[in-house]
Amino acid sequence: MMSRVFVWFVGLLIGVFAATPLAFGNTIALLGTKWCSSQAAVFIQASSGVSAQAVADVQAAINEWTNAIAGLGLSFKGYSFTTDRKTATVIINLKGGTGNVLGSTQFSTAGTCFSAVRVNLSGKAFGQGLSDPAIRTVTRHEFGHVTGLGHSDDPNDLMFATFDAFGGTEKFISACDGQAVKTVYTQNPIPSSFTC
């Protein structure tokens, strides 16, 4: 069994990318692991003080991944929600949050298959609460990892390693992200990256 951790830090993208023209394609790292079951059950544990809207935003972002996956014709069909923590293969800890970590994903594998995943989501960083669009973006990003994607080299892509949670534009699952997922679930062995 192998455990890995992916942590998405708050990115303060002040002028760094705006001053440098970007002239490369979008390459997304692939984690080399996937769900070998047809569906993964998700349990959301919200800390006290987390709003019902934040929970709804997390659920909406996860449903977006399920809808994107459904259009790919894969044996893995996406995510369902459960109220029984014991039956969940994905456990989300949704916290009010502090510090500078927006989200992190830890997973265990059996060979190339996910066996258990824990996602930590923060509703606050640097002492500021996150907006609903920021919570959805962070959840989409972390569920990209939960689905088998690593980070992208394109700062405009959902899977880019950093995100300006206090002024950035909401990011969505792109066609490139979907094609990278399709590669994870249809190629054997799973390649180390996918380029759009």
**OP:** Might you let me know whether region 110-119 holds any residue that is closer than 23 Å to residue 91 by Cβ, buried (at least 21 other Cβ atoms within 10 Å of the Cβ) and at pLDDT below 95?
**Re:** no
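Residues are listed down the side, and each one gets a yes or a no for (1) assigned to a strand (DSSP E or B); (2) within 28 Å of residue 189 (Cβ to Cβ):
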site	(1), (2)
93	yes, no
99	no, no
102	yes, no
105	yes, yes
108	yes, yes
114	yes, yes
117	yes, yes
121	yes, no
Original post:
Can you tell me which residues in region 69-83 are of a type outside the set (S, T, N, Q), in a loop (DSSP other than H, G, I, E, B) and in contact (Cβ under 8 Å) with a residue 24 or more places away in the chain?
Top reply: 71, 72, 74, 76, 77, 78
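Listed here are the residues, each with its yes/no results for (1) more than 13 Å from the chain's Cα centre (by Cα); (2) more than 23 Å from residue 173 (Cα to Cα).
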residue	(1), (2)
84	yes, yes
92	no, no
120	no, no
124	yes, no
Original post:
In region 126-153, how many residues are within 15 Å of residue 51 (Cα to Cα) and touching a residue at least 40 places away in the same chain (Cβ under 8 Å)?
Top reply: 3
Original post:
Assuming residue 86 fulfils every condition listed in (1) under 21 Å from residue 176 (Cα atoms); (2) in a helix (DSSP H, G or I) apart from one, which condition is it?
Top reply: (1)
Subject >> Qualifying positions in region 93-125 - closer than 24 Å to residue 176 by Cα and either touching a Cys at 6+ places or on another chain (Cβ under 7 Å) or free of Cβ contacts under 8 Å to residues at least 60 places away in the same chain (or both) >> reply: 113, 119
**OP:** Would you be able to tell me the number of residues in region 44-68 that are among the hydroxyl-bearing types (Ser, Thr, Tyr) and in a helix (DSSP H, G or I)?
**Re:** 1
Original post:
Going through region 125-142 one residue at a time, which ones are surrounded by fewer than 24 Cβ atoms within 10 Å (Cβ to Cβ), modelled with pLDDT of 90 or more and touching a strand residue (DSSP E or B) at 6+ places or on another chain (Cβ under 6 Å)?
Top reply: none
**OP:** Out of 122, 104, 152, report the one residue that is hydroxyl-bearing (Ser, Thr, Tyr), under 23 Å from residue 26 (Cα atoms) and buried (at least 22 other Cβ atoms within 10 Å of the Cβ).
**Re:** 152
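The values are calculated or read from the model by the stated rules, or taken from the named source; none is laboratory data. In this text the structure is predicted, and so the values were computed from the model without any measurement. Backbone-built Cβ (ideal geometry, glycine too); neighbour counts: all protein chains shown.
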